[in-house]
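The structure appears right after this line, and notes come after that.
No lab work stands behind these numbers, since they all come straight from the coordinates. Since the structure is predicted, the reported quantities are computational estimates derived from the model, not experimental observations. Positions of Cβ are backbone-derived with ideal geometry, glycine not excepted, and every protein chain shown enters the neighbour counts.
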Amino acid sequence: MTGTELELAACALAVHDLDAAADFYRDALGFEVHDDAVRQGVRRVAVRSPAQPVVRIVLETPDADPALLPSDRQAIESLMARGLLNRLVFATSDCDAVFERIEATGAEVMQEPINRADGVRDCVFLDPSGNMLRFTQRLRPGAPGR
């Protein structure tokens, strides 16, 4: 990588319950738990996809940042409760197979697989903390997604 190229290494995702979230990402999505550690009194769990092991999703509770004001923590909790805080988009080569696998785990379905006018087929679930997870499959060349 040269000095001007950037690659995503990790992103943080607010969750209510670290164990429930780690179980969901492992069991429903097939991710690996990369790291489960307490640092400076705060526990975080990092998960990653076997298909893209260099990118980690760091699961953390809203109280993970000790500098966060109580009013900010309450705002985060409120947004999480309404499913408005975090959204992740995953690319797949088979949206229907992903849908069937995740639905079989009992995950909350927000949108069954549909074909969009932009050449993408996608479906949407919520994780146990209300984070929106979209799974997209490119149906034609040049369409967004993978």
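The calculated FRET efficiency for Ser93 paired with Asp63, based on their beta-carbon distance and R0 = 22 Å, is about 0.05.
Compared with the direct C-alpha span, the chain from Ala117 to Cys11 gains 35.2 nm at full extension, assuming 0.36 nm per residue.
Each peptide among 79-87, 18-26 gets the average number of other Cβ atoms lying within 10 Å of its residues, and from highest to lowest they stand as 18-26, 79-87. I'd like the orientation of helix 70-81 relative to the chain: the angle between its Cα long axis and the longest Cα principal axis, in ° from 0 to 90, rounded to 10. On a 0 to 90 degree scale, this one is about 30.
Axis of helix 18-27 versus longest Cα principal axis of the chain: the two differ by about 20°, to the nearest ten degrees. For the pair Val109 and Asp19 in one chain, pulling the backbone fully straight at 0.36 nm per residue adds 30.3 nm over the alpha carbon distance.
Longest exposed-loop-site-free stretch of the chain, with GluC sites (Glu not before Pro), DSSP loop and at most 11 other Cβ within 10 Å?
8-146
Placing a label point 7 Å from the Cα of Ser49 along the Cα-to-Cβ direction, the residues of segment 8-34 whose backbone N falls under 11 Å of that point are 30-31.
A simple charge model with +1 on the Cβ of Lys and Arg, -1 on the Cβ of Asp and Glu and nothing else charged puts the dipole of the chain at about 440 debye relative to its Cα centre. Between segment 1-50 and segment 79-100, the C-alpha centres lie 15 angstrom from each other.
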